1. Provide the per-residue ³J(HN,Hα) series for region C:217-224, in order, calculated from phi with Karplus coefficients 6.51, -1.76, 1.60 and θ = phi - 60°, each as a whole number of Hz, with x at glycine and proline positions.
2. Pairs B:66/B:179; B:66/C:382; A:100/C:379; C:79/C:552; B:85/C:379; B:38/C:382: which are spaced more than 22 Å apart, C-alpha to C-alpha?
3. Treating cross-link reach as a plain straight distance, find the aspartates and glutamates whose alpha-carbon is under 14 Å from the alpha-carbon of residue B:110, omitting any fewer than eight places away in the same chain.
4. With each run of n ≥ 4 DSSP H residues scored as -39500 (n - 2.57), what mean residue ellipticity at 222 nm is computed for chain B after dividing by its residue count and rounding to the nearest 500 deg cm²/dmol?
5. Ordered by residue, what ³J(HN,Hα) values in Hz, to whole numbers, does region C:595-608 give under the Karplus form 6.51 cos²θ - 1.76 cosθ + 1.60, where θ = phi - 60° and Gly and Pro are x?
6. Classify region B:41-167 from the C-alpha gyration tensor, please: rounded if a/c falls under 1.5, else prolate or oblate depending on whether a/b exceeds b/c.
7. As I understand it, the value is the acute angle between the Cα axis of helix B:82-96 and the longest principal axis of the Cα atoms of chain B; what does it come to in degrees, rounded to 10?
8. Within a Cβ distance under 14 Å of residue A:61, other residues only, what is the Lys/Arg minus Asp/Glu net charge?
Amino acid sequence: MKRVLLAALLALSTLAPALAVQPDEVLPDPALETRARAISQELRCLVCQNQSIDDSNAPLARDLRLLVRDRLKAGDSDTKVMEYVTDRYGDYVLLRPPFKATTLVLWVGPFAVLLLGAAGTFLFLRGRRGVAAGADTAPLSADERRRLDALLRKDD
Amino acid sequence: MRRLLYLLPFLLFLGVGVAFYLGFERDPRDIPSALIDKPAPTFDLPAIPGQPVQGQLGAGGLSSAKLTGDVTLVNVFASWCIPCKAEHPVITRLSREQGVTVYGINYKDKPEDALTWLSRNGNPYAAIGADQDGRVSIDWGVYGVPESYLIDRKGRIRFKHVGPLTPQVVEEQILPMVKHLRQG
Amino acid sequence: MIPELGHYALVLALFVALVQSVPPLVGAATRNGAWMNVAVPAAIAQMLLVLLAYAALTWAHVVSDFSVLNVVQNSHSAKPMLYKVSGVWGNHEGSMMLWIVMLTIFGAAVAVFGRNLPPTLKARVLAVQGLIGVGFLLFILITSNPFIRVIPAPLDGNDLNPLLQDPGLAFHPPFLYAGYVGFSMAFSFAVAALIEGRVDPAWARWVRPWTLAAWSTLTMGIAMGSWWAYYELGWGGWWYWDPVENASFMPWLAGTALLHSAIVVEKRDALKSWTILLAIVTFSLSLMGTFLVRSGILTSVHAFAVDPKRGIFILVLLAIATGGSLLLYSLRAPSLKAGGLFAPISREGALVLNNLLLSTATATVFIGTLYPLFLDIMKLGKVSVGAPFFNATFLPVAIPMVIAMVVGPFLSWKRADLGSALTRLWVAGVAVVAAVAVTAYVKAGSGPLLALVGIGIAAWAFVGSLVEFADRIALFRTSFRNSWNRAVHLPRSAWGMTIAHACVGLSILGMTGTSAWQTESISAMKPGDRASVAGYEFRFDGVGLVDGPNFKAERGTFTVTKDGRQIATLEPERRSYSTTRMTTTESAIHTTVFSDLYVALGDPTQNGTAWIVRIYHHPLVPWIWIGGIGMMLGGLVSLTDRRFRIGAPERRRMAGKTGDKSAPLPAE
């Protein structure tokens, strides 16, 4: 029972108000700050659950935000900053996982579902139309027949 | 064929269900290090301000230069970290009885707190570097104290443990690995 | 004594649920009317018993009976009454009680209002519903009993997590659960139909109102949760793509697909086995959401008290309910006869496209949410999947979905002319161009290009849906009186569709506005300091101390002016709850309907003379939730459609025509 209580406490405490970015972190250059915020939103706060370092008030998140800003001030490009962080913490910190063998299914999956679904739908509709020709649809009118013939000839 | 198509949702669900079941055994908080088999980061940390010179290697801070030659363990700790106190006897035994050189990185700590903590609990570290702003620890990929890294003779990180070291981890993972790395 | 009564009622409910399931199933199989009829009183009795148990638990909370563990853990004598009542469902055990309360209410509703259902179908629906009840009652009694006593009783309780002591979150779970559990009706109808071996338009007509009701409440539940996150988490984020949010979003997406495919079954007797599958999947996703939230298998910001034992139990329930029904599906679905035929360009075709895109969207969220788990158990490494991934993959599916949503209703059944539909939409096209042009001009290139797409899509959805309505009532093509008459006599479901579709546009408008053009100021302010955000002046007047019932608060006062004119006084708070030792931010919001001014008070600075203040301007953000409420209303309006109330004669006629095997039984 005690363990459950402890787990409950731990779980609840993670949902703290996200008052993350502190005034002393904000860079004077707005363009640089905007880039810093965008990068922060892509980086996972490792000690918290599924929050970006931009959302989290954990001390490590703050250290990483400061680090990102320092790298930007030093003139690093956005990708360089990301690399700097992934060199130390691995791809795990990226909230948008990089495209590679182990994330293939993740990135291709949704589109594969769409394509397979579309193919399935197409086959289904075509199958139905085959039946439909005999049963449910009205026969072509003389005008439609003429247009169809014209279209078919054009293809030849 | 057509029957198989209707069975597909069930088969997919079966896969998901098995995944859920296996999912209970994993620990979502355990994150692998990106630095395994890579050289330890280059750094030069000063000693904790006010720390008396002690230890075989003469203390005076910790730098990456000290991490080559023998197999060593680098332990990231802080006086405010409660599990650190729990693992301290294990670290002490490792250093004094089991013959492994242990270096410490004192993570984001007040110097006076760290010194009091060390004098109260004993200092098993051959040298300690004070990482007051936590930057060097970020280079190590530290995300929570305590963390321990095993470094081989060439100064490469070979093993990382997050959380307090337990006698079990030492017996089953660290000591065999130290033995292996010393031979290799 | 009263908690024991509740416990006893719960145990009794379990046995009644068994009575509701087993005899009716046997009765339906052997055509035994008396056995089938047991289901009706059993469903009502189960509901009454569960309500009694729930009332007992509520009583324990209301009178602060600290000899009950659940009350100790989640309540405090000084807690305001509203949160004593809502605190009942603000914890794991109580929320499961609410779950089962909803489940039995839905079951009893079928028993009472389903008089015109064929007896075998009704018996089977109630039986399946009863089986779900058995599963969850066992779950509560074995792993999550809320009536456990503590001896000796402590003097006071640990209090409820202060984040939950909020009107928005107080009523979020009931709506959410009504949605989740409401989909159990679609599931029970689907399983019953599979057992019966037949699905026809009458079946769809019976299922649709339940699905509509569930969908509407789930929409409201999700909207409330997002609104709560917006004002409570202190910076105005309203959707995080967190696993727990995704867990509620997946059934919503699948339920939306179900809602639309059921129309095809109802009107055209087609897509039957697909609709059955969707009904099973939608409820399974609801169950999976419950599992994910409570098993701790995924990391989430919002995790409930996590206990693997409960996780295993829900997983077993999921395996039985989903696995069993999908197996039944694989056996029975192939024999369902395909119905009405249609050309690809037709209303049916549009609804098929809608289903394809919604299913893809569901799959996208599913893959993204569970991928870290899959990768990890395959020992292939750890990966984080967060908001940037979902934004990148979800939008390409969502955009065509909304475009098609507007065109679909213009297409006639069976076969349609896409060209003429698009021609009739010219007004919407003009609106899109105008909206994008005006936005581009006013904002002069600030914000991402995607923002213009968002504005265009929002205009398309909103105006296009209204154009469809105008087209239907022949507005401007005939006299106003005539159009008015047509509008009045239009089926409620047509009204509902227009409202819901148009509101999708409003929500998109809000999402786009705040994502693209939000401005912020984060600074340490001393009393008297001013900050300027989006043309508004914020003067910080100072911080006062306020005593709440179970908290102490620092309350800041800000005077907002624009061009020297006072607009509002905003009073954000930082509350410290003494019992739980937690602080919450109560942001202060002034809404102009077109935008929100948002102030959150942070920590005092080191020397204590200044406070960290976050001020935000969120353009168009209220429309996210206005749209959400509108969608729910659309669903409810559609629910009042006349044909849902008189669905019975339809089937009798059809049954006679097709020579129905399961002829009506004498009993009933």
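Each value in this text was obtained by applying a stated rule to the coordinates, not by laboratory testing. The shown structure was predicted, so the numbers you read here are calculated from the model rather than taken from an experiment. Cβ: placed from backbone, ideal geometry, glycine included. Neighbour counts: every protein chain shown.
1. Each residue's phi maps through the Karplus curve to give 5, 5, 4, 5, x, 5, 4, 5 Hz.
2. The answer is B:66/C:382; B:85/C:379.
3. Within the straight-line limit of under 14 Å, residue B:110 reaches these aspartates and glutamates: B:131, B:133.
4. Helix contribution divided over all residues of chain B: -11000 deg cm²/dmol.
5. 7, 10, 9, 9, 10, 10, 9, x, 5, x, 6, 3, 7, x
6. rounded
7. Helix B:82-96 and the main axis of chain B meet at about 70 degrees.
8. So the surrounding residues net to +1.
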